[in-house]
Amino acid sequence: MKQKLKLFIRPNDVLFFRDGRPFDAGGDYTARLAFPPTPVTFYGAIRAAILGQKASNFSQLKTKPWPTEFNSIGLETQKRTLCISDFGLALARKGAKKIQRLYPIPLDLAKNKDEDDYFILSPSPDKDSAISMNFPISGLRILHNASALDAKGNPLILETPAGFLTESGMKKYLNNKAPTGSKDIMPTHDVFEVEPRVGIRRDNKTNTAETGYIYTLEFARLGNAWREYQIGFVMEINTDLLETDAAKVKLLRLGGEARSAVYEADADWVNPDKPTIGTKFKLTLLTPAIFKNGWLPDFIDPNSLCGPMDNGKIKVKLVSAAVGKYVGIGGWDIQEGRAKPVRRAVPAGSVYFFESADDTQFDSDKLIQKVYLKSIHEHSNLSEDSNLIEQGLGLTIIGAW
Amino acid sequence: MKKSNDTFFLFSIGPVQEFLAAARRTRDLFAGSYLLSHLAGQAAQVFLKGKAKLIFPNIKKGEEIKKLDTASIPNRIFGSVSNGNAEALAEQAATQVRGGFTKLAQTIANEKLFGVTTEKDPIWKTFWLEQSAKFLQIYYVTCPAAAFEDNYARLYRELDYALGQRKLLRDFEELGWLKANGQPELGQPGLKCSLVPNLSVVYPQSYESPKRYWDEHLLKPKNRHEFRKNERLSAIAITKRKCLPHLAVRENFPSTSTLAAGHYYRNLLEMWKQTAADSDLRKTIGEFASKVNTLTGIISAPQNSANYPALQKKAPDDFKTFLGIDGDWLHSESYSEERLKNEYGLENVPHEAGLAKSALDSLIQTANRHDPGCRPPGKYYAILYFDGDKMGEKLTKIVEDKKFDAARTLHTNASAALREFSTETVPRIVEGVADDVTPRLGKVIYSGGDDVLAFCALEDLFEILRELRTEFEKHLANIGADVQFHGSVGVAIAHHQMNLQQVLDAARNSEHFAKETLERDALGIALLKRSGEHSTTGCKWYINDKKYLEHEYGALQVLKEFAGMIDSGIVATGFIYNLHAEKTGLEGILQEEDVLQEIKRLLLRHSDPNKKEEVENYFTRSLAPFFNELHRPNLKNGISMSVLTQFIDLLEVAQFVGQGGRQ
């Protein structure tokens, strides 16, 4: 059994995570920031760190298969056992006393456009609304909050709030209470700021800037200890290959532009409370998920909206969903020397609302055991080499509605 | 009360921002905007043929399709149909839009340029079909009026709310791909598009790698006017770039270099008109145009480029050859050997480049002789987003407590006013093509409803902004509703070689700054210097309540006057430099009056000794009240920007504009 490491990763300086567009100075002049990065980036960083710490001969890695000691972080076609779990969004803030995770804003959390009033949305009980809409599948219900009304009883104009949910905000959210104020929702600019930097290419013969090679990179500067909190990332990973000696500096190469971060291997944090579930629940994605049918989870039948979870032991019916704009997940296959196919992924923060397919009560403990901080992909039939679960994709948290 | 038989619908097409922002050239931006407007026009036609009445936008049955085909149709359509099936009609419109877009993409995919057809190459076909069929996001909601007992305001509000809730589920399909062995696979492999994130570059089966196809087939020098160096595109980006001829649009669009050099073209046009046919100026202009056209012919660079509409219209025919020279050729660095080799893939730079460069030097010297105040061609331009403030809320408010027919009439009036503003007034203000106005250095990209997206030269920026804001309010003042309409604008001032996507983002962020931080009815301006120094500032349109737009101390008047004094040398740039240097110390002074005295001292110290009285007068009547007004709460709580910083940043923008972007 591999040991489970709980890491807190803090950047040494700015970090660089590029969006899906190619960038080369002299071609496109600006590399755009995509923040926060997906768990796939961290998975790669940990694998690279292990190889950097343990591999004595890098040329060995160009041949297949890799030395057996690296089986757990092996090639794409091998079934790896290195696995990210309990990952959350990966963002976290470290104060003087404890580490608290920061969560993506769930899309069923809405804010009055002009005031700091927050509402949790849930599927409307009105199944025969006079208003029709072109949902991709018939039978889905509109999300609403009956108390999000103005003084005259008209619906308020709502928007998805910006920022990140704190531990206290998540606690309220999972208990179906709306978060309030900065204690529950941390503003984006306190978590990170975009820092554009202009670069040039230098002619090494003349030591002057080359014409036509001025470019801009957008870096992320994470909030630091000068404020109340140090912003970083947390992750839990099962490996005994990663250096954990407290006396050694533990570096990771994270993102692009050879930027580095330091990891602390003795981090700890408290997970959100587990709710009690009756006949309905919602799953909120903490990391992006990739489904064959785009936005629709693999285990849901598009005709009946019903589907089995946990190999058919749990039967659910999809009632509604709040799904954000898809994000692209691809990457670079170093061994093959080419880009991996880009998959469209449901973004973190998306929420799926389920109810019991046969009106019976769920076994709350059993359900929670199967979905709480687990990957939604565990309920799909995945091919052997997809590694979606191991890479920390599709992690969910369960709440009541 | 008689119940209405009308069923109302609200229909929207997207993604708007993502589609527009995927632009490397001004032409991409225009084409994207035009294409969206065209698709919205197609949807509108379906509704009209189905006997629907459109309220927003204000299009009546019988209006020619051609008239709808301007970049002025908003992506949201609101209307009603009597005794009809609104849902079926909306679905028909959605099918028409999706089908139209896919068909357009397929037509472009089969262009000779690509050397491959969708019929013969399944991989090529799959890339194009999958990307085009799964790109658009169309959402609609419908509701019978009777469901809300003919309460029009309630109905409008509920539909607006429902559309927002529908958009909470942004359903999408995964893209598919065919492997070389014909095996279908999920996700698309290969290089990624230079413009649209997360889409793969298209390539045919006969080439193993997309890079090889693009490098060996498409990125040849002869195609340089189609694709830039290192550019590799997806089906969506290519469709956007090449759609205009397929939509019967012949209009070309000036490059950012031409936009930035606008005042130089205008100045030379004025000089041209004032000089004799055999003057040395006319000869030099003609010689320059001829030499550049010879060079561009040899190196396969674009010729007969577009310029500002007003200049194109008002210039005499013999000046038009010069107007067709792209602004890039007005900068001496464009003729450097390295640049020509890089941009046009030349192995040897022809000697015609040297001749054209000499002609440019001669042109600048001759123009300076004729008018010593004639600035060299500018390198900075502005892009602006104007948007009505809280339009949804106000459009609901004006129909509240009104009877069904009266409410509908009010909305129709508002829609007609918006259409007149966007299709007639905005082009007049921005482009100034009419015979009786001075040619304006502006070009509209999109103007529909309460949204305007336009380019302009720095010299005309403040005046265009002021008129847009004034006219918007005026147009909506006469619709018979007791609600005041106003708008905010976001501007980005950028170097002509800066990445257009970044400039568009900056302008959008400035608009956000104006709307959120300055709490609307305001302008936000981002200054993006080539050196990498980027700043965003802004203020309310007015000071001293509402007497702002024409008033001597309205914000734009204050800034415009300051820009003028910098331009004419009455105030030296050392004023802002020294004010910056003293900022920290001044912020320690608690008394506002003392800070003002120091500002005044610095201003007068850096003024032309012969114009001190004029400058002092400007300070007293404009600058001091402007500074004081900034002390009134004008920034949302929690924004860490001092009044002095806001004041200095605004004057710095004005100074930059006054200098025409020269530092």
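Collect the residues in the range A:245-256 that are surrounded by fewer than 18 Cβ atoms within 10 Å (Cβ to Cβ) and under 20 Å from residue A:38 (Cα atoms), keeping them in residue-number order. Steps first, answer last, please.
Going residue by residue through the range A:245-256, those that are surrounded by fewer than 18 Cβ atoms within 10 Å (Cβ to Cβ) are A:245-249, A:251, A:253, A:256.
Correct list: A:251, A:253, A:256.
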Among A:202, A:197, A:221, which is basic (Lys, Arg), within 12 Å of chain B (Cβ to nearest Cβ) and open to solvent by 70 Å² or more (accessible area, probe 1.4 Å)? A:197
Note on residue B:253: of the conditions (1) in a loop (DSSP other than H, G, I, E, B); (2) more than 24 Å from the chain's Cα centre (by Cα); (3) more than 14 Å from chain A (Cβ to nearest Cβ); (4) modelled with pLDDT of 85 or more, unmet is (2)
Does residue B:513 fit the bill of being part of a helix (DSSP H, G or I), away from every other protein chain (no Cβ under 14 Å) and hydrophobic (A, V, I, L, M, F, W, C)? no
Restricting the range A:349-377 to residues that are part of a loop (DSSP other than H, G, I, E, B) and within 14 Å of another protein chain (Cβ to nearest Cβ), the one surrounded by the most Cβ atoms within 10 Å (Cβ to Cβ) turns out to be A:350
State yes or no: is residue A:207 free of Cβ contacts under 8 Å to residues at least 12 places away in the same chain, among the polar types (S, T, N, Q) and over 30 Å from residue A:108 (Cβ atoms)? yes
So, of the residues in the range B:128-143 that are among the polar types (S, T, N, Q) and under 20 Å from residue B:109 (Cβ atoms), which turns out to be farthest from the other protein chains (Cβ to nearest Cβ)? B:132
When (1) within 14 Å of another protein chain (Cβ to nearest Cβ); (2) modelled with pLDDT under 95 are applied to residue B:448, the one that fails is (1)
Out of (1) part of a helix (DSSP H, G or I); (2) open to solvent by less than 40 Å² (accessible area, probe 1.4 Å); (3) touching a helix residue (DSSP H, G or I) at 6+ places or on another chain (Cβ under 7 Å); (4) more than 14 Å from chain A (Cβ to nearest Cβ), the one residue B:236 does not meet is (4)
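Please count how many residues of the range A:277-302 are more than 19 Å from the chain's Cα centre (by Cα), within 14 Å of another protein chain (Cβ to nearest Cβ) and open to solvent by less than 20 Å² (accessible area, probe 1.4 Å).
Just the residues of the range A:277-302 that are more than 19 Å from the chain's Cα centre (by Cα), to begin with: A:277-281, A:293, A:299-302.
In the following step, the residues that additionally are within 14 Å of another protein chain (Cβ to nearest Cβ) were identified as A:293, A:300, A:302.
Retained after the next criterion (residues that are open to solvent by less than 20 Å² (accessible area, probe 1.4 Å)): A:300.
Residues flagged as more than 19 Å from the chain's Cα centre (by Cα), within 14 Å of another protein chain (Cβ to nearest Cβ) and open to solvent by less than 20 Å² (accessible area, probe 1.4 Å) within the range A:277-302 amount to 1.
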Counting only residues in the range A:6-22 that are within 14 Å of another protein chain (Cβ to nearest Cβ) and either closer than 12 Å to residue A:222 by Cβ or assigned to a strand (DSSP E or B) (or both), the one nearest to the chain's Cα centre (by Cα) is identified as A:17
Selection within the range B:5-26 - surrounded by fewer than 20 Cβ atoms within 10 Å (Cβ to Cβ) and not hydrophobic (A, V, I, L, M, F, W, C): B:5, B:14, B:15, B:17, B:18, B:25
Looking at (1) touching a residue at least 60 places away in the same chain (Cβ under 8 Å); (2) within 11 Å of chain B (Cβ to nearest Cβ), can you tell me which one residue A:178 breaks? (2)
When residues of the range B:368-393 are limited to those that are away from every other protein chain (no Cβ under 14 Å) and hydrophobic (A, V, I, L, M, F, W, C), the one farthest from the chain's Cα centre (by Cα): B:374
Hits in the range A:151-173 (condition: among the polar types (S, T, N, Q) and not in a helix (DSSP H, G or I)): A:154, A:160, A:166
Based on this model, can you work out whether residue B:662 counts as modelled with pLDDT under 85, closer than 25 Å to residue B:456 by Cβ, of a type in the set (Lys, Arg) and open to solvent by 80 Å² or more (accessible area, probe 1.4 Å)? yes
Residue satisfying all of: in the range B:199-221; of a type in the set (Gly, Ala, Ser) and more than 7 Å from chain A (Cβ to nearest Cβ); nearest to residue B:20 (Cα to Cα) among these: B:209
Number of positions in the range A:303-343 that are open to solvent by 60 Å² or more (accessible area, probe 1.4 Å), in contact with a strand residue (DSSP E or B) (Cβ under 8 Å, 6 or more places away or on another chain) and within 11 Å of chain B (Cβ to nearest Cβ): 2
Which pairs turn up if I take residues in the range B:472-500 that are on the phi < 0 side of the Ramachandran plot and without any contact (Cβ under 8 Å) to a residue 12 or more places away in the chain and look for partners that are surrounded by fewer than 19 Cβ atoms within 10 Å (Cβ to Cβ) and in a strand (DSSP E or B) with beta carbon separation below 8 Å, at least 6 apart in sequence or on another chain? none
Which residue is farthest from the chain's Cα centre (by Cα), if the candidates are limited to the range B:144-165 and must be open to solvent by less than 30 Å² (accessible area, probe 1.4 Å), small (Gly, Ala, Ser) and more than 7 Å from every other protein chain (Cβ to nearest Cβ)? B:145
Hey, can you tell me all the residues within the range B:166-198 that are within 27 Å of residue A:133 (Cβ to Cβ), touching a residue at least 12 places away in the same chain (Cβ under 8 Å) and facing chain A (nearest Cβ under 7 Å)? B:166, B:170, B:172, B:173, B:174, B:175
Unique residue being under 25 Å from the mean Cα position of the chain (by Cα) and open to solvent by 10 Å² or more (accessible area, probe 1.4 Å) when the list is B:267, B:307, B:293, B:342: B:267
In the range B:205-212, is there at least one residue being more than 18 Å from residue B:116 (Cβ to Cβ) and open to solvent by 10 Å² or more (accessible area, probe 1.4 Å)? no
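The values are calculated or read from the model by the stated rules, or taken from the named source; none is laboratory data. Keep in mind that this is a model prediction, so the values were computed, not measured. A quick note on method: Cβ atoms are made from the backbone with ideal geometry, for glycine too, and the neighbour counts reach across all protein chains shown. Surface areas here come from the heavy atoms of the whole protein model, side chains and all, with no ligands, DNA or RNA. Shrake-Rupley method; radii C 1.70, N 1.55, O 1.52, S 1.80 Å.
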